[in-house]
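Q: Quick one: the structure is below, and I'll ask about it shortly.
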Amino acid sequence: MPHAPSRAGTPGASDTRTPAPLPDVREPPGAAAQRPGTALVTGASSGIGAAVARRLSAEGWRLVLNGRDAGRLAETAAHAAAAVFPEDLTRPAAERRLTRFALDEVGHLDLLVACAGVGWAGDFTTMTRRAFDEVMEVNLLTTLRLVRQVLPHMVEAGSGRVVLVGSLAGAVGVRGEAVYSASKAAVAVFADALRHELRGTGVGVSLVVPGVVDTPFFERRGAPYARTRPRPVPPERVADAVWRAAVRGRDEVYVPAWLRLPVRVRGVAPGLYRRLAATFG
């Protein structure tokens, strides 16, 4: 499909392009994002975030994309009608600048998809303070700060949806990824609490819970994925789940769906789950 140019949100960014203006159409109060609207996607430089951007663009959404890698972000935007804002959200007040840029570009936001995340693998006692701080900052704190900026605009409009990308590690805990598991568990609990808080406002909250995804995540965390099962799923499959959560108003989506099983076993029979985990890893 033809794509309008996207525009960079920071001076000196690579030559990008701007989307053609679309009418400011809002959903009625209490409705989920049932038709294409406007969306802000973080972590869009690669992996799940880039796949989400491509999927939403193919469905006709107008996008604002954020990521730390300006070059890769421009590549993502080349395949989507998107404005881009390359910046590290761990920088002071970055979430405010991003929100202001997004609202200036598209007028309002129907959807926020928080995909940004980093990992670290190894024994907790050997983890450096720098790695510890980065995992918690990127996976948890930057997400909460950004939601805090975007949410008042959605509540005022009486519609919108926040989609948070969690992890199976946040539901069951993964050996060798204690801090990553903790950060994603916090995201999951935040999603639950915020969903209750927003009841009656017209704004929904979804949690997408992927297992192992075939992205550069494992290379960047410092340890490749070495297990034979479960097999990694392509990021496009997670992007499909994000799209379903957005348009159908789903509270929680597992990717693949069978991952609900170990979570349920852990919930109803934690002792059995721990014995199975110790045996099979």
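The values are calculated or read from the model by the stated rules, or taken from the named source; none is laboratory data. Predicted model only: the values in this text are computed from it and were never measured. Please note: Cβ atoms are built from the backbone with ideal geometry, for glycine as well, and neighbour counts cover all protein chains shown. The accessibility values were calculated without ligands, DNA or RNA, using every heavy atom of the protein model including side chains. Shrake-Rupley method; radii C 1.70, N 1.55, O 1.52, S 1.80 Å.
Q: Among 113-120, 197-204, how do they line up by average Cβ neighbours within 10 Å per residue, starting with the highest?
A: Sorting 113-120, 197-204 by mean packing, highest first, produces 113-120, 197-204.
Q: Relative to the present Cα-Cα distance, how much length would full extension add between GLU134 and ASP104 at 0.36 nm per residue of separation?
A: Here the answer is 7.9 nm.
Q: Expressed as a whole number of Å, what is the distance separating the alpha-carbon centroids of the range 54-99 and the range 145-172?
A: 17 Å
Q: Can you compute the FRET efficiency between THR125 and GLU59 using 1/(1 + (r/R0)^6), with r the Cβ-Cβ distance and R0 = 30 Å? Round to the nearest 0.05.
A: The value I calculate is 0.05.
Q: Tell me the carbon and sulfur percent of the accessible area for the range 52-204, rounded to whole percent, probe radius 1.4 Å.
A: 51 percent
Q: With charges only on Cβ, +1 for K and R and -1 for D and E, what is the dipole size of the range 106-164 about its Cα centre, in debye, rounded to 20?
A: Using Cβ point charges on Lys, Arg, Asp and Glu, the range 106-164 gives about 60 debye.
Q: Further question: In cubic angstrom, how much convex hull volume per residue do the alpha carbon atoms of the range 112-218 span?
A: 93 Å³
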